[in-house]
Amino acid sequence: MGQMDAGMKNEMFREEEMDDDDESPSERQIVVGICAMTKKSKSKPMTQILERLCKFDYIDVVIFPEEVILEEPVEKWPLCDCLISFHSKGFPLDKAVEYAKLRNPLLINDLNMQYFIQDRREVYRILQEEGIDLPRYAVLNRDPDNPEECNLVEGEDQVEVNGEVFHKPFVEKPVCAEDHNVYIYYPTSAGGGSQRLFRKIGSRSSVYSPESSVRKTGSYIYEEFMPTDGTDVKVYTVGPDYAHAEARKSPALDGKVERDSEGKEIRYPVMLTAMEKLVARKVCLAFKQTVCGFDLLRANGHSFVCDVNGFSFVKNSMKYYDDCAKVLGNMVMRELAPQLHIPWSIPMEAEDIPIVPTTSGTMMELRCVIAIIRHGDRTPKQKMKMEVRHPLFFELFEKYGGYKTGKLKLKKPKQLQEVLDIARLLLVELGQHTDCEIEEKKSKLEQLKTVLEMYGHFSGINRKVQLTYLRNGKPKASSEEEDSKKDGPSLLLVLKWGGELTPAGRVQAEELGRAFRCMYPGGQGDYAGFPGCGLLRLHSTYRHDLKIYASDEGRVQMTAAAFAKGLLALEGELTPILVQMVKSANMNGLLDSDSDSLTDCQQKVKARLHEIMQKDQDFTEQDYQKLAPTGSPSLVNSMKVIENPVKTCDKVYALIQSLTSQIRKRLEDPKSADLQLYHSETLELMLQRWSKLERDFRMKNGRYDISKIPDIYDCIKYDLQHNASLDLEDTRELFRLSRALADIVIPQEYGINRAEKLDIAQAYCVPLMKKIQLDLQRTHEDEAVNKLHPLYSRGVMSPGRHVRTRLYFTSESHVHSLLSIFRYGGLLNEEKDQQWKQAMDYLSAVTELNYMTQIVIMLYEDNNKDPSSEERFHVELHFSPGVKGCEDEETIPLGFGFRPASSENEDKKPNQGSLEDLSQDEPDQALQVSDPINIQRRSPMIRNRKTGSMEVLSETSPTHSAKGCTSHRLFISCSRQSPEIKPASGLGFEGCSMVPSIYPLETLHNSLSLKQVDEFLNSVCESNSEVQAKTMKALSGLFASQSQISLYSPQQPLSSSGSEASLRPPGQPLWHGSIPSSAVSSAGPSSPITESSGLNFSFSE
């Protein structure tokens, strides 16, 4: 055993095959004693953690039997080197203290401090001495013999304790911490009475009582009631550098304990801010409790500690069990191994600091990951427009402030209900008239009513109504309406529905989140048998600063939540994750775009596009020039498929007619009349969807409305994937033709030639580009102070060293625009840069930016280079076109695989826990399709060593097994460039056989300098004056929305390039005092609750 090689020793747990080695009797084991009541020492969390702790080679665990603890003298208690002992009801703490004096073991939790923890007065005193924020409080001590004598004056809506006044609502807590009968008293204005909290009984943790006067016997602490958002945060430390936090519904809310399907109390994932982490450290050290639970209240942007519970474990979190055992085991070994002469070296916490080998053979540290991701698979988006003139609509428009901007969005249930009421009323009125013009209106009103009544209840996530004021009525009609005969103002009502994230979309997002972990190095501890635990460890040891932003559309927000669930290995429903983790970035145009307010350039482009697509003749050479001036292969191929646009549209129209008649036939057939389609759609609804397209696609004048092509493609793509079981005829042909049309119309709506593409892209993306620029800059600026070499800063509290991750979830328009900016904005010259030329060729062959398309920017830092040199920071750009389409296998362009710089010199130092250490990279050469092996292993999802996990479907590439190591790959079905290897049938995710897999990331460039990227972003953002104004508006609006103001002025502006100056509203000095208050807080993940805005352009981002 002694001569184990170092590699083995550094393992957290021994590999299985070592377990049956015979121990040599001379080895001294470290004995860890567990001295607590049986209920605690045999509890599930304790059992889980001890099982893991026993896997340390030199640690044995002894549990003291409860009868021994209660009845035997301490001299007869078992011996141990390290004692985990803690008080709970009925535990003889005095004997434990006596035992510790006698045997002097290493104490994980100090025993004397546990007397203090039983008294809330002492807890508050210690917290105050440590300078930890707690609610304003006063102590009322009563002498049990004459309770009348005390400093308490009670008024109707307040109490005065020792001269200090507490207005209701206030909290009354017994001084004994074991007594859980905490009362909250409400003011008369809110109805008076009190809420009585108690230890959970079944599904209740509190009950309302009409009693309004305080208790008259016993000693209490009175404190201010903190207005949280209805959640309490529970923090669990394991030593001063590790804490796990989760929120649960506050028992004061309604006293109903939320339970999941398995009957466990629902806990929400929480990220602590840098300040809160410091509090966790202080609490752990002040009370001398390594394992310690305490409660945080988050109110008004501050965090207050309101209770310290001493020894407690997180329940039902495998990840916590792993981490806890690991931290405790290392702590015991670090303290005791030297004294007992056990050959144990402190494991280099390699996964704490994300270090990867790079091209030049130096070590580079991952500092920042920025990803822009399109939402997942959704139901088809649908919309209906109608012009309305009824006074009731104008009243509604005025009521919600529509006249301020001339536009109004209604999404709230109450607002939608009002629209529905108007529709019902008008339909009743119309029932009495029969005028032909009203008839036209009537069908629209009926549709409005049907859609609003669709789910039996409102949820703003799936429907919205937009109203736009038209001064002179609607301009001459589109396909849908006849000429309106009336003059005078009217409102254009646009109803949008559909477009919800499907179950398949949720699975895609969660899977991608899981795979995304593998981009982070570390995790070779491999302690839970799944890949990417490097990221999870980074995250829970506070070294991961993560913020997730999403636009305000339901499907985008849900995608972000599902992704977060996969990324951070969270449990449970999406709603709590969404509430706690995802910031909505809708207030500043960062990720949303008013699709209705198109730029002039877009209008012109659309008009040209329509004109070219309306010609009833084969495309001429001239048309190719007009429509595909960039010569992009994906466009040219689609144009070849189409040949004559009008004839193709005729075919599409005929196919839609055939489709609707097939659905009608099915509807008449009693067998299939109530058939359930995917996502609880009915045949009836499917027919509505298609017949609306049939009506709208061919206009009254016989020409085609080209703008409906994306919708047709959208619908057929959806039905082919999800409703294939209907076996409708000719759907494949409709898919093929509409796809060819869509592959032209969709990308070209974002501009036909380079100049237009850039112009339109800037209109969408400048705020986002600015934000990305700040993300990249901020990363290295707040670190300049921290000059310690990361490996030596172990043990130093270094909240500075972390990886920053910023995820932006958005819709197709932003992804198209952002890609256009990288392609046409002049980042690199493809004549001079071979790698970039290959990337551009690859991108121009990609036909569609499907659901879950990703653009990923990674920033590395080389600590050995001079901080001012260009080589210190290194940027990589990666891209994936998202989900595979229905029939992509043959047509897909070949990229050159995922080549982070770190994979190119594996002979230097392959074992740094980077996920790339297995991929030897040949010099880039165009890879032939006939060489599938070569490509198969180029994927971001490579990992080594044992794969004890469901997620990893292993696929071995022959080249590697020869070298004696195997490369595995997540999502076997991603083996995309090799049609020969078909994924085993039915291997869908989680039993959804219909969830298509996602393309792995392709590297566009892996050796950009930060300076290049920064200058590029500057030039792109500044070259567009109209947009500049828009960004200014967004940013100044955003600063105005900050509630508090802080005049914190930094020593130097953030960037030397002057980009900051360009962000400020004209006529204001650079640091004009409207920098948000949270700016001053130190870096680190911030909770969505404490930070109101997505875009603090000062320091907190």
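Laboratory data are not the source of any read-out in this text; all were calculated from the coordinates shown. Computed from a predicted model, the values in this text were never measured in an experiment. Neighbour counts run over all protein chains shown; Cβ positions are idealised from the backbone, glycine included.
At full extension, Lys89 and Thr217 could sit 43.8 nm farther apart than now, given 0.36 nm per residue minus the alpha carbon distance. Under the combined filter of DSSP loop state and at most 15 neighbouring Cβ atoms within 10 Å, segment 135-206 retains these GluC sites (Glu not before Pro): Glu148, Glu149, Glu156, Glu178. With a simple spin-label model that places each label point 7 Å from the Cα along the Cα-to-Cβ direction, the separation between Glu1015 and Lys837 comes to 2.2 nm. Here is the list for segment 90-152: trypsin sites (Lys or Arg not before Pro) lying in DSSP coil, each with at most 16 other C-beta atoms within 10 angstrom of its C-beta, are Arg136. Between Arg608 and Thr38, what length comes free when the chain is fully extended (0.36 nm per residue of separation minus the Cα-Cα distance, one decimal in nm)? Taking Arg608 through Thr38 to full extension adds about 197.3 nm, to one decimal. Measuring r between the beta carbons of Glu148 and Arg199 and using R0 = 22 Å, the FRET efficiency lands at 0.15.
State the extension gain, in nm to one decimal, for the chain segment bounded by Arg125 and Met454, taking 0.36 nm per residue of separation less the distance between their alpha-carbons. Don't skip to the answer; put the middle values down first.
Details: separation 329, 0.36 × 329 = 118.44 nm, distance 5.77 nm.
Result for the pair: 112.7 nm of gain on full extension.
Computed from the C-beta positions of Leu340 and Lys101 and an R0 of 25 Å, the FRET efficiency is 0.70 to the nearest 0.05.
With a simple spin-label model that places each label point 7 Å from the Cα along the Cα-to-Cβ direction, the separation between Ser672 and Lys404 comes to 5.1 nm. Beyond a 23 Å Cα-Cα separation, which of these cross-linked pairs lie in this structure: Lys449/Lys700; Lys385/Lys464; Lys40/Lys288? The pairs that break the limit, which is 23 Å between Cα atoms, are Lys449/Lys700.
At a Förster distance of 56 Å, what's the computed FRET efficiency of Asp600 paired with Ser725, Cβ-Cβ distance as r, to 0.05?
Efficiency at R0 = 56 Å is approximately 0.75.
In plain terms, the bigger the Kirkwood radius, the slower the diffusion; for segment 129-253, with that radius from Cα pairs, at 37 °C and 0.692 mPa s, Stokes-Einstein puts D at 204 µm²/s. Taking the Cα centre of segment 656-711 as origin and assigning +1 to Lys and Arg Cβ atoms and -1 to Asp and Glu Cβ atoms, the resulting dipole is close to 300 debye.
Put a plus charge on the Cβ of each Lys and Arg, a minus charge on the Cβ of each Asp and Glu, and nothing anywhere else: the dipole of segment 271-350 about its Cα centre is then about 80 debye.
Label points 7 Å out from Cα along the Cβ direction at Lys626 and Leu430: separation in nm? Placing both labels 7 Å along Cα→Cβ, they lie 4.0 nm apart. Taking 21 Å as the straight-line reach from the Cα of Lys216, the lysines in range (excluding those fewer than 8 positions away in the same chain) are Lys168, Lys173. For Ile266, the residues whose modelled amide H falls within less than 5 Å of its own, excluding neighbours fewer than 5 places apart on the same chain, are Glu258, Arg259, Asp260.
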